[in-house]
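Asker: So that we are looking at the same thing, I have put the structure below in structure tokens.
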Amino acid sequence: MISDPDERLPGSDLLAAEVARAFGLPASSAWSDLGGSWTSNLRLDFPGRDSLVVRIHRGSTTAARLAAVQAARDVVAAAGVPTVRPLTTPDGEPFVALRSGRLIEVEPWVRWNERMNTPILLERGFAVLGRVHDALRTASMPAAAATVDHANHLHSEEAAAATRRGAERLRDWHDVILTPLADRVVRHVDAVTAAEEPLRDQQVRQLVHGDFWDNNVLFRDGELAAVIDFDFMANRPRIDDLALTLYFYLLEPGRDLPTAADRRQIRRFVDAYDAGTSLPLSPGERAALPLAIARQPAWSIGRWVNQLDEADAREHAAHVVAELPVAQAMLAELPQWQDALC
């Protein structure tokens, strides 16, 4: 039994059958759980027809928010960026509620064989992100698109205060590793946000994707297959969307602290973004981008450590022990990063 409305809902034969009935589908021959950090994603296979994906949303996802997410995919698709469009029920509805009250949508299965986590695909992906931003910036979108309660993000203005709250939770555990982390991350985020303050007014704030990375940007044999998962979409400085992707790139397994070669590579990513957008990054945005990357540990400590249950919060914080030095190294070499990007 799922008692927490925001706990991920596992797949089951009964669930697959309920989805099939709601969308007028034949019984599936098999289903598989595709995982997902926020939604539950099930692949349904059918004899003689293409597979489908069922996205089961957390209990906190409202109908207005899901309609906004679907509207964003429509806008991006209309701009020529491949994405997925929802199937409708026999009554023409793009999503329905399960008996549990959770909202579900069904969409085509995308055939892909490459995630956007290599330099070559990231350069292509950043050009696509420029097009995605153009589409979202110029579209008329529902009000529910602008905010999201859960995301890998904290605004610069709230990062320091939220990080302090998360750090207090770390200290309450009296852990020999996480207690020193609390002090280090607070000092780091304080320094980052102070450096960001004079650059905040120079940022373009708009609707952004929110999680433009890895298996949310799918390629097939080197060609873009689809941009998916707009669940963390919200209105924020657009460089924060780039910063999340760049931070994850710098944290890829096997990497060490950032180097001059990384600065040159990230400059190529940023230039690819400018090539894809009708509104290239300003000098102020390029100067702020390294700081936005260095701010990324704030959402781990200031958002997820504050929101998750203790076991998951401890696990999340443990990852930050290895991640924080990357952000600290960027701040320590801020002039070199700004020279490289500007």
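Just so it is clear, none of the values below were taken in a lab; they were calculated from the coordinates. Please read all numbers here as calculations on a predicted model, not as lab measurements. Quick reminder, even Gly has a Cβ in these numbers, built from the backbone with ideal geometry, and neighbours come from all protein chains shown.
Asker: Would you compute, from DSSP H runs of 4+ residues alone, the mean residue ellipticity of the chain at 222 nm, taking -39500 (n - 2.57) per run and dividing by the full residue count, rounded to the nearest 500?
Answerer: Numbers: 10 runs with 155 residues, N = 342.
My calculation for the chain gives -15000 deg cm²/dmol from helical runs alone.
Asker: Which residue, R115, R165, R21, tops the fluctuation ranking in a GNM of the chain built on C-alpha contacts under 10 Å?
Answerer: Residue with maximal mean-square fluctuation among R115, R165, R21: R21.
Asker: Simple spin-label model, 7 Å along Cα-to-Cβ: N113 to S282 in nm?
Answerer: Reported label-point gap for N113 and S282 is 4.5 nm.
Asker: Here's something else I'd like to know. Run the simple label-point estimate for D312 and R255 please: 7 Å along Cα→C-beta, distance reported in nm.
Answerer: So the label points at D312 and R255 sit 2.6 nm apart.
Asker: Measure nothing but the geometry: give the 0 to 90° angle between the long axis through the Cα atoms of 119-138 and the longest principal axis through the Cα atoms of the chain, rounded to 10°.
Answerer: 80
Asker: With axes computed from alpha carbons, what is the tilt in degrees of helix 260-276 against the longest principal axis of the chain, rounded to the nearest 10 within 0 to 90?
Answerer: Orientation of helix 260-276: about 50 degrees from the principal axis.
Asker: What distance in nm separates the two pseudo spin-label positions at T88 and S32, each 7 Å out from Cα along the beta-carbon direction?
Answerer: Distance between the two pseudo-spin positions: 3.1 nm.
Asker: For a quick check of your reading of the filter: which trypsin sites (Lys or Arg not before Pro) in segment 231-265 sit in a DSSP loop and have no more than 12 other Cβ atoms within 10 Å? Intermediate results must be reported in sequence, preceding the final value.
Answerer: Values: sites: R238, R255, R263, R264; in loops: R255.
Here the sparse-neighbourhood loop sites are R255.
Asker: Next question. Grab the Cα-Cα distance for R220 and A77, subtract it from 0.36 nm times how many residues apart they are, and report the gain in nm with one decimal. Please report the intermediate quantities before stating the final value.
Answerer: Numbers: separation 143, 0.36 × 143 = 51.48 nm, distance 1.76 nm.
So the extension gain works out to 49.7 nm.
Asker: Compute the long axis of helix 63-78 from its Cα atoms, compare it with the longest principal axis of the Cα atoms of the chain, and write down the angle in degrees, 0 to 90, nearest 10.
Answerer: For 63-78 against the chain, the angle is about 80 degrees.
Asker: Across segment 185-198, in residue order, what do the Karplus-derived ³J(HN,Hα) couplings come to in whole Hz, using 6.51 cos²θ - 1.76 cosθ + 1.60 with θ = phi - 60° and x for Gly and Pro?
Answerer: Taking θ as phi minus 60°, the curve returns 6, 5, 4, 5, 5, 4, 5, 5, 5, 5, 6, 6, 3, x Hz for segment 185-198.
Asker: Output ³J(HN,Hα) for segment 84-100: one whole-Hz value per residue in order, computed from phi by the Karplus curve 6.51 cos²θ - 1.76 cosθ + 1.60 with θ = phi - 60°, and x for Gly and Pro.
Answerer: In residue order, the calculated couplings are 10, 10, x, 6, 10, 6, x, 8, x, 8, x, 7, 9, 9, 6, 4, 6 Hz.
Asker: Could you pull the Rg and Dmax for segment 115-341, using just the Cα atoms, both in Å?
Answerer: In Å, with Rg to one decimal and Dmax whole: 17.0, 51.
Asker: Once you've got the GNM for the chain with C-alpha springs shorter than 10 Å, pick whichever of S40, S29, S140 has the biggest mean-square fluctuation.
Answerer: Most flexible of the set in this elastic network: S29.
Asker: Once a ≥ b ≥ c are taken as the square roots of the eigenvalues of the Cα gyration tensor of segment 37-148, is the result rounded (a/c under 1.5), prolate (a/b larger than b/c) or oblate (a/b not larger than b/c)? Mind showing how you got there, number by number?
Answerer: Values: a/c = 1.80, a/b = 1.21, b/c = 1.48.
It is oblate, given that a/c is not under 1.5 and a/b is not larger than b/c.
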